[in-house]
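Asks: Before we start, here is the structure in question, set down as structure tokens.
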Amino acid sequence: MKKIKSPYIRYGVVGFASLFTVFFLFILSIYLGLWGKLPNEKDLSDFKYQRASEVYTADSVLIGKYYLYDRQPIIFEDVPKHVFESLIAIEDERFYEHSGIDYQSLGRVAIKTILLQDQSSGGGSTLTQQLAKNLYPRQNRKKSNIVVDKIKEMIIASRLEEIYNKSEILIHYLNTVSFGDNTFGIESASLKFFNKPAKDLSIEEGATLVGMLKATYSYNPRIFPERSLNRRNLVLQAMENNQLLSKEKKDSLAEIPIELDYRAYDNNEGLAPYFREEVRKQLQKWNLEQRQAGNEYNIYTSGLKIYTTLDYNMQYWAEKVMKEHMKTLQESFEKSYGKNAPWITDKSLIKKLVKQSEPYKKMKASGLNEPQIMDSLNRKKKMVLVDWEGEKPVVASTIDSLQHYMKFLNTGSLAIDPNSGAVKVWIGGIDFEHFKYDHIAQSRRQVGSTFKPIVYTTALEMGISPCTYFSAQEVEYENLKGWSPSNSGDKDEAYLNYSMEQALSNSVNTVAVKVLEKTGIANVVTMAKNMGVFSQLPEQPSLALGTGEIYLNELAGVYASYVNNGKAILPYLIKTITDQKDSILTQFEPKRAQKPAFSEKTRQIMVEMMKSTINSGTASRLRTTYRLDNDIAGKTGTTQNNKDAWFVALTPKLVHVTWVGLDHHEIGFKSTRLGQGANAALPIFAKLMQEMNQHPSYNAITKARFKRPDPSVVDMLDCEPVKRDGFFKRLFKNPNKKKTKKFKSRTTIP
């Protein structure tokens, strides 16, 4: 071998060999893990996705997810062939020819991108390398570390190609790749942007999603529709270039606009957010129980499937009609107060609520005194306030904001199957994003006249006939500091004597108190507990008027007993929890009372009495205004000073409870006309039933009929609803004068 004479060539060879040796040692150091451990074959064979847990309605509609990363892995067969073809065409044309590293592309990158500084030439990463990057994201974002990361990904890609076939690599890639907005994988992206599983994607829809992968924000079709359309058409062009589409087919697809059906599975958005939050809370309790039993599940990463009791259509209609009604009611509410509204003029109330607010408490905790805090809270700044018309950018202070939200009426609306307790509709408030407080599960409010059926049920069980008459005359009770419950009717009521049926259907307060007195407070409290009331009740005469505070779902379970053979039921939300392979982990069963709280005869009498409330009593507008001919029983309720409006509807197959009021107990409706249960709460049920009546698929609920009562029950109710005092009794009675007496309540059951 001849010795190289030219020193330049000799130095060049030595320099090249030295560089090669250094580069080889550099790669070897990465391979040996000196720049960070590389996954071995076992790691790559056993990697697990963090999977979002999914929440389904009873009719198997996906309505929500719980996740750290929104990912729903699917199998190869669940992805259309055209999605794989578009992906390979635009991202890695020689995917089936290389073994994880495309040296031809690397050469192109080396010459064009590095030497010629042509940034349009693209990168040299294969899909397998991108999979490696998805599985093991780069920790160091500095440019100086890019070479190390690239070599790591090439080594991992080579190992992946040894372990998995090409189909497995493709599906792993599509299950791990990010589509932005914390959305990972083709299935989650398909559900988010097109509201359909990936297997149902059309060619142009698949190309839209694949086109996003180059830059998930810049090519997001929701944010940049025109840019996304151009990118999609570039993907279609790549498919034509690779003989995967004909020119005619590509041209026709390129003319189709991008039509999104966007569904963000966000906690604040979508259907039934209050329901989903309550499900999440119950799952956390379940998860704790599972851990104590030695089972490790995570509701955010384990890919659980939660099948609930919710009815998708009923929930959708209920939310729609709630918003329609509450928007109109809010307008009437604000108009009724005008310029003298308490959220404008009542300075002491405003100051009280400001002191209860989180901003005030935080500043107080930081050591600021009250003048400093109030000065800070009064400073104007740019903010967004929300009302029924939407978001409005304004310049306002924190106190202005608190006053703005003080005035909003809120609601709780719940429908259950009375035989099982399965929740069909759950609306915890008017807007979960801005009003997180759930008025079904978290709020206890005075229930007003909706408590009266419990009083009358107890009376019937005590042997008091439904045709027993009670005077409607107002009484002042001497031993109750002159307490004197009154009615909303005229003074002529002092001459009237109501049967129990008529008194209940017209919600006569004076009679309800007298029935309670004759029945016994302790007996009514015992009956309430047997019917499913678990809240502490005040053992006072005012209990007859519903001064007890009860949860809304608690009240629904109580009323269910009237169509559930006298047995109380506890509303439940979750039917089944499965793992990611659909293996059942837990099944939930209805929780019913073991024994009836009252007799079958009492049950039938109460249903007939509450039918009268609908047909001719305080809820008759269901028949007259809303033209509902369904079999319905029920009860309206309005609390003192019009603070709470209630309506409970009872059908053979559905119990529906609605509450409307303000979160701040200090503010009520301006008038009973506006704030009574029949006006403020009843329409939400009425409009929901109107929607359901239009759909034959709900005939099992809407056309259900109460069983005909026994002849003996019909006979017991066969009496004049009202008796008027005789001539001489009227002659010596002053309707303007209250009768005075002591309240004497029976204390024991005979």
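Asks: Between ASN242 and LYS595, what is the label-to-label distance in nm when each label sits 7 Å out along the Cα-to-Cβ direction?
Replies: About 7.4 nm, to one decimal.
Asks: Does anyone have the angle between helix 7-31 and the longest principal axis of the chain? Alpha-carbon axes, 0 to 90°, nearest 10?
Replies: In the chain, helix 7-31 runs at an angle near 30 degrees to the longest axis.
Asks: Then there's this: Using a 10 Å cut-off on Cβ atoms, rank the peptides 567-575, 617-625 from the highest mean neighbour count down.
Replies: Values: 567-575: 22.7, 617-625: 18.6.
Top to bottom by mean Cβ count within 10 Å: 567-575, 617-625.
Asks: Percent relative contact order of the chain, based on C-alpha pairs within less than 8 angstrom and at least six residues apart? Intermediate values should be presented prior to the final figure.
Replies: Numbers: 1295 pairs, mean separation 93.0, N = 750.
Normalised by residue count, the contact order of the chain is 12 percent.
Asks: Okay, moving on. What is the distance in Å between the Cα centroid of region 60-78 and that of region 144-218?
Replies: Rounded to whole Å, the Cα centres lie 15 Å apart.
Asks: For region 609-623, in order, what is each residue's ³J(HN,Hα) by Karplus, 6.51 cos²θ - 1.76 cosθ + 1.60 with θ = phi - 60°, in whole Hz (x at glycine and Pro)?
Replies: The phi angles translate into 5, 7, 5, 4, 4, 7, 6, 9, x, 5, 10, 5, 5, 4, 7 Hz.
Asks: Using DSSP to define loop residues, name the chymotrypsin sites (Phe, Trp or Tyr not before Pro) in region 219-322 whose beta-carbon has at most 11 other beta-carbon atoms within 10 Å. Show your work: numbers first, answer last.
Replies: Details: sites: TYR219, TYR262, TYR265, TYR274, PHE275, TRP286, TYR297, TYR300, TYR307, TYR312, TYR316, TRP317; in loops: TYR219, TYR262, TYR265, TYR297, TYR300.
Within region 219-322, the qualifying chymotrypsin sites (Phe, Trp or Tyr not before Pro) (loop, at most 11 other Cβ atoms within 10 Å) are TYR262.
Asks: Could you give me the ³J(HN,Hα) list for region 645-659, computed from phi with Karplus coefficients 6.51, -1.76, 1.60 and θ = phi - 60°, whole Hz, x at Gly and Pro?
Replies: 10, 10, 8, 10, 10, 10, 10, x, 10, 8, 10, 10, 10, 10, 10
Asks: Using θ = phi - 60° and the Karplus curve 6.51 cos²θ - 1.76 cosθ + 1.60, what whole-Hz ³J(HN,Hα) does each residue of region 595-603 get, with Gly and Pro shown as x?
Replies: Running phi through 6.51 cos²θ - 1.76 cosθ + 1.60 with θ = phi - 60° gives 10, x, 7, 8, 6, 5, 5, 4, 4 Hz.
Asks: Between TYR337 and SER366, what is the FRET efficiency for a Förster distance of 30 Å, r being their Cβ-Cβ separation, to the nearest 0.05?
Replies: 0.25
Asks: Hey, fewest Cβ within 10 Å first, where do GLU255, GLU501, GLU554 land in order?
Replies: Values: GLU255 8, GLU501 24, GLU554 20.
Going from least to most buried by this count: GLU255, GLU554, GLU501.
Asks: If you average the C-alpha positions of region 232-289 and of region 532-591 separately, how far apart do those two centres end up, in angstrom?
Replies: Cα centroid of region 232-289 versus Cα centroid of region 532-591: 37 Å apart.
Asks: List the relative contact order of region 169-285 as a percent without decimals, with contacts defined as Cα pairs under 8 Å and 6+ residues apart.
Replies: Numbers: 123 pairs, mean separation 26.3, N = 117.
Rounded, it is 23 percent for region 169-285.
Asks: Of (i) 24; (ii) 11; (iii) 34, which one was derived for percent of Cα pairs over 51 Å apart from the structure shown?
Replies: (iii)
Asks: Relative to the Cα centre, what is the charge dipole magnitude of the chain, using +1 at the beta carbon of each Lys and Arg, -1 at the beta carbon of each Asp and Glu, and rounding to the nearest 20 debye?
Replies: Charge dipole of the chain: 2100 debye, to the nearest 20.
Asks: Taking 0.36 nm per intervening residue step and subtracting the Cα-Cα distance, what contour gain separates ALA704 from GLU289 on full extension?
Replies: On the way: separation 415, 0.36 × 415 = 149.40 nm, distance 3.96 nm.
Stretched fully, the ALA704-GLU289 segment lengthens by 145.4 nm.
Asks: Dipole magnitude of region 326-455 about its Cα centre, charges +1 at Lys/Arg Cβ and -1 at Asp/Glu Cβ only, in debye to the nearest 20? Can you show the working numbers first?
Replies: On the way: 21 positive and 14 negative charges, 99 e Å.
Magnitude of the dipole: close to 480 debye.
Asks: With each run of n ≥ 4 DSSP H residues scored as -39500 (n - 2.57), what mean residue ellipticity at 222 nm is computed for the chain after dividing by its residue count and rounding to the nearest 500 deg cm²/dmol? Don't jump to the answer; show the numbers that get you there.
Replies: Values: 31 runs with 314 residues, N = 750.
One gets -12500 deg cm²/dmol as the mean residue ellipticity at 222 nm.
Values quoted throughout were computed directly from the atomic coordinates according to the rules given, and no laboratory measurement underlies them. Keep in mind the model is a prediction, meaning the values are calculated, not measured. A quick note on method: Cβ atoms are made from the backbone with ideal geometry, for glycine too, and the neighbour counts reach across all protein chains shown.
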